[in-house]
Amino acid sequence: MPKTNQAKYEMLDYCRDYYRTQDDKNELEKIQKFRMTYTSDKAIEWYTDEGFLYKLLNKALRTEDIDLLYLFRFFIIDLCAQLEQESKANSTDILTLYRGQKIPLEELEKIKANIGALISTNGFFSTTRDPEVALRFAKQLRDTDQLKTVMFEIRVDSTLNYEQKFLSSDNPKIAQTLGWIGCSYTEMKDYPKALENFNKALQIYESNYDPDHKDIKEIQSEIEKVKDAIKSSTESPKKLTLAVVTPSVPSINATASSKYYQNSSNQTQTASLKPFKKSSNKKM
């Protein structure tokens, strides 16, 4: 993933526009300070400040927003690189860390049901070496019926070696990923973004393969499908002439309200809607 000044400006422009709409002068000042003073060795410091970077990057990670994550590529590269450096500088083979937080009861039950299994998190964990600090942090808010206090004990084996690979911008694997993203946008009927990703993938494939390669043919086929979908959605509907006839039968109304309630198993149900007939007032 390229790390350029252009990537930096794109990220900061997005952050600035986001906080301008909220008239948040404090965050706007931080964005300007970042623009003027940031260096790559300060990535962790900026992230743990819990300002605009912490909030928006966590939002992107939590929602798995691909477009937003791509906008933050400049900072993500620096943050991952500095975390790796900190890990290598650690002299302890097994590092024990703690994290205290509130989590929804449903999430807690899922974790308890998967003891011994692998659990994946889509984000960065803020941790401490002191369990008391983690517990105090988690107890800042009281437990409720739906939120419970938990403490994670995380053991990190620093002796493990991780291999990091960077792909060139014209690598076919990147084209494959762009193709998957294009398919996702097609499913969501966001055809402009689908076409954008398919065309990027096609450019990469064409720079690597012959015109008759199967990957090129597949992407071209997807592009044609999207173009057909766009054409169908923009075609003007045909004009229809309708004759309205009022039948001499009793009118029929339908109830237009629905009622939600909790049953004994805490599952939300919806009352069904059924039509009913008005009694006829026709005189004999």
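None of the figures in this text is laboratory data; all of them are computed from the coordinates on show. Here the structure is a predicted model, which is why all the values come from computation and not from measurement. Heads up, the Cβs are rebuilt from the backbone with ideal geometry, glycines too, and the neighbour counts pull from every protein chain shown.
By the count of other C-beta atoms within 10 Å, a proxy for reagent exposure, Leu118, Leu135 are ordered fewest to most as Leu118, Leu135. Compared with the alpha-carbon gap, the fully stretched path from Thr4 to Val156 is longer by 51.5 nm at 0.36 nm per residue. Distance from the Cα centroid of region 103-143 to that of region 1-49 is 29 Å (rounded to whole angstrom).
Note on Lys227: aspartates and glutamates with a C-alpha under 13 Å away, same-chain residues under 8 apart excluded, are Asp190, Glu196, Glu235. Rounded, prolate or oblate, given the Cα gyration tensor of region 172-234, with a/c below 1.5 counting as rounded? Prolate, because a/c is 1.5 or more and a/b exceeds b/c. Shape class of region 90-157 from the alpha-carbon gyration tensor: oblate, with a/c at 1.5 or above and b/c at least as large as a/b. Annotation: aspartates and glutamates with alpha-carbon distance below 13 angstrom to Lys148 (same-chain offsets under eight excluded): Glu106, Glu107, Glu109. Per-residue Karplus couplings for region 10-23, computed as 6.51 cos²θ - 1.76 cosθ + 1.60 with θ equal to phi - 60°, are listed in order as 4, 4, 5, 5, 5, 4, 4, 5, 4, 7, 5, 5, 9, 6 Hz, Gly and Pro entered as x.
The slack in the chain from Ser207 to Leu118, taken as 0.36 nm per residue of separation less the alpha-carbon distance, amounts to 28.1 nm. Taking a point 7 Å from the Cα of Glu84 along the Cα-to-Cβ direction, the residues of region 35-59 with backbone N closer than 18 Å to it are 40-45. Per-residue Cβ neighbour counts within 10 Å put Phe34, Phe75 in the sequence Phe34, Phe75, beginning with the fewest.
Counted by neighbouring Cβ atoms within 10 Å, the residues Tyr205, Tyr70 run from fewest to most as Tyr70, Tyr205. Pairs from the list Lys8/Lys200; Lys42/Lys200; Lys55/Lys173 with a Cα-Cα gap above 27 Å: Lys42/Lys200; Lys55/Lys173.
Mean sequence separation of contacting Cα pairs (under 8 Å, at least six apart), scaled by the length of region 90-157, corresponds to a relative contact order of 60 percent.
Partner aspartates and glutamates whose Cα lies under 16 Å from the Cα of Lys102, excluding those fewer than 8 positions away in the same chain, are identified as Glu132, Asp143, Asp145, Glu153.
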